[in-house]
């Protein structure tokens, strides 16, 4: 049985939510650098977090390397409002 800490570590954390909100505010596909600027976070940290959000199905990545929020990502934002 997974521990509560482990379960929490694999789901979206507060920084992930901040990134998702920034991506939603941008309103379309964006580079991690632009998302970082909107969220007020370090671009390298955002790039690493985007891989997690992609794995969780909360964002999509285009062939050009631009990220978009998914319906699941929007639901996560709603749940944390």
(request) Determine whether residue 38 is farther than 21 Å from residue 81 by Cα, part of a helix (DSSP H, G or I) and without any contact (Cβ under 8 Å) to a residue 24 or more places away in the chain. (result) no
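Yes/no per residue for (1) over 14 Å from residue 69 (Cβ atoms); (2) modelled with pLDDT under 95; (3) under 10 Å from the mean Cα position of the chain (by Cα); (4) crowded, with 18+ Cβ neighbours inside 10 Å:
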site: 5; (1), (2), (3), (4): yes, yes, no, no
site: 8; (1), (2), (3), (4): yes, yes, no, no
site: 12; (1), (2), (3), (4): no, yes, yes, yes
site: 19; (1), (2), (3), (4): no, no, yes, yes
site: 23; (1), (2), (3), (4): no, no, yes, yes
site: 30; (1), (2), (3), (4): no, no, no, yes
site: 35; (1), (2), (3), (4): no, no, yes, yes
site: 53; (1), (2), (3), (4): no, no, yes, yes
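The values are calculated or read from the model by the stated rules, or taken from the named source; none is laboratory data. The structure presented is a predicted model; accordingly, all values stated were derived computationally and were not measured. Cβ: placed from backbone, ideal geometry, glycine included. Neighbour counts: every protein chain shown.
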